[in-house]
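The values are calculated or read from the model by the stated rules, or taken from the named source; none is laboratory data. Keep in mind it's a predicted model, so treat the numbers as computed, not measured. Backbone-built Cβ (ideal geometry, glycine too); neighbour counts: all protein chains shown.
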Amino acid sequence: MGSLSSPRDLTKPFNPLDPTELAVESSLVTDFIAEYYRTVEQRPVQPHVTPGFLTSQLPSAAPFASESVESILQDVYDKILPGLVQWQSPNFHAYYPATCSNAGLLGEMLCSGLNVVGFTWSASPAAAELEQVVVDWMGKMMGLPQGLLFSGGGGGVLQGSTCEAVVCTLAAARDRALERVGDDMFNKLVVYCSDQTHFTLKKGSKLVGIRPANVKAIKTTKNNEYGLCPTDLRDLVASDVKAGFIPIYLCGTIGTTAFGAVDPIRELGKVAREFNMWFHVDAAYAGSAFICPEFRHYMDGVELADSFSTNPHKWLLSNMDCCVLWLKFPKRVIKSLAAGGNFLEGGSETMVDYKDWQIALSRRFRAIKLWMVIKRYGYKNLISHIRSDVSMAKRFEELLLSDRRFEVVFPRKFSLVCFKLDVMKNVPEVVDEDDGELSHDSKLTRELMASVNVTGKAFLTGVRLGRIFFIRCAIGSTLTEDRHIQDLWKLIQEKAHKICIMI
Ligand SMILES: *Cc1c(COP(=O)(O)O)cnc(C)c1O
């Protein structure tokens, strides 16, 4: 075929780590990815496929003979790409973005290429120390309190997801409480959050054995801008304590998934202190914004937190996966999670054994990726990246506000814009009520979203809350530019026009 990478010549010994071949084959893949980024904008953001579309195209058994990289990439191009949601499309505005970057990809290549397994300091000293350095860098860039950094007696760890971070902190909170009250009280342990807290908290609570009924989600309302109300929390905790329950953990969120809402961290922290609860702050998406000082007021009171987590893989160009968890008292987590035979022992104050800071024993060298991203772009460019996304979101919000048919349902704080149609001007809407049919405007909004998504020119997701349905537009895919937002707005207006004519 005259190809650069031929099917394996079986007369040669099998060498899957041939450096010469690597240089050739990896450039085929990087060229493929570069071309993908160049053209991803032309692909429908959501695929038009039906279940089984891929399984029916692929052989049901593994190939016996080797294939060339080109032919495998051809399969990726022909069969796999058309069945993906194009998360890196500049027209992807669903969920929260999973931003990636050249540096993030290069970092992943180093992580994967070096392939060290740094469960203890001795298993890869530089991996452990680079991680300590880079989580402190990150914490300082974000203006986090000293107490969460290694340099201030705390410390951070890189994990795969917020869910894992939550599980580790819940386990520590559980064990700390049980030590105090005794194992017999297990069924009395209670975890608190709001109805806007990410479901990872419920999942994590289940995993550490908390009874589902003891995970208490406090209802938020429009009046509190969908933040967790400290007074409601205090009343509930106090009455639970009276009834013999043991509060162990409170999760506050900065940048909730549905709205990008912010819980009042300082006030929540005070309640957590009063009742001796572990206070975790989940800033999975919005945390990255704190590298810009103008957003830091949203985390006022964060020094009261026992732990804080954010996902640089969401907004800080650090390709999946990368979650930073900072702990004020790492020893509490270590005490819950440390396990292992003698061959793994030998840690000390300066030698961090990260196996005791996470769920699994083995771990990836994520630090080299985050380090690469920060070094390659510098604090300066990372700040402009965040600011540029926020200003695009601001312009999109202004466009919505300039059109009477639309309503911005929640004041934008970061780069998420929540909106719906508001054409039935005189019909009051019941917002904070759980049951009943969707309001008429909400039904139209859902229709609007579907008609935008079906074009493949944009992908938006929506949220149902009580009787309203709104559209979330999360701005900030790495490739998104102003022109994409202008096109999106035109598309939305055009579809809204059709829907409004029909009523
Ligand atoms: C995305 C998100 C999560 C989930 O993060 P994972 O890393 O996927 O577990 C949790 N909390 C908030 C606020 C989020 O936005």
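Looking for something without any contact (Cβ under 8 Å) to a residue 60 or more places away in the chain, out of contact with any Leu (no Cβ under 7 Å at 6 or more places or on another chain) and not charged (D, E, K, R) - is there at least one such residue anywhere in the stretch 176-184?
Yes, there is a match, as at least one residue in the stretch 176-184 is without any contact (Cβ under 8 Å) to a residue 60 or more places away in the chain, out of contact with any Leu (no Cβ under 7 Å at 6 or more places or on another chain) and not charged (D, E, K, R).
Yes/no per residue for (1) modelled with pLDDT of 95 or more; (2) out of contact with any Ser or Thr (no Cβ under 9 Å at 6 or more places or on another chain):
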residue	(1), (2)
Lys328	yes, no
Lys331	yes, yes
Ala338	no, yes
Lys375	yes, yes
Val390	yes, no
Glu398	yes, yes
Val408	yes, yes
Glu429	no, no
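Here's the yes/no breakdown for (1) assigned to a loop (DSSP other than H, G, I, E, B); (2) free of Cβ contacts under 8 Å to residues at least 12 places away in the same chain; (3) within 16 Å of the ligand (Cβ to nearest atom):
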| position | (1), (2), (3) |
| --- | --- |
| Asp31 | no, yes, no |
| Val40 | no, no, no |
| Phe64 | yes, yes, no |
| Asp75 | no, yes, no |
| Asp78 | no, yes, no |
| Trp87 | yes, no, yes |
| Thr99 | yes, no, yes |
| Leu106 | no, no, no |
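Being within 27 Å of Val324 (Cα to Cα), modelled with pLDDT of 95 or more and more than 27 Å from the chain's Cα centre (by Cα) narrows it down to one residue among Arg176, Arg180, Arg234; which is it?
None of the other options fit; the residue is Arg176.
Please go through the stretch 357-375 and pick out each residue that is charged (D, E, K, R) and surrounded by fewer than 16 Cβ atoms within 10 Å (Cβ to Cβ).
If the condition is that a residue be charged (D, E, K, R) and surrounded by fewer than 16 Cβ atoms within 10 Å (Cβ to Cβ), then Lys375 is the only one that fits.
Please give the number of the condition Leu304 fails out of (1) within 20 Å of Gly378 (Cβ to Cβ); (2) surrounded by fewer than 24 Cβ atoms within 10 Å (Cβ to Cβ); (3) touching a strand residue (DSSP E or B) at 6+ places or on another chain (Cβ under 7 Å).
Looking at each condition in turn, Leu304 falls short on (1).
Of the residues that make up the stretch 153-161, is at least one hydroxyl-bearing (Ser, Thr, Tyr), under 17 Å from Tyr249 (Cα atoms) and either within 16 Å of the ligand (Cβ to nearest atom) or buried (at least 21 other Cβ atoms within 10 Å of the Cβ) (or both)?
no
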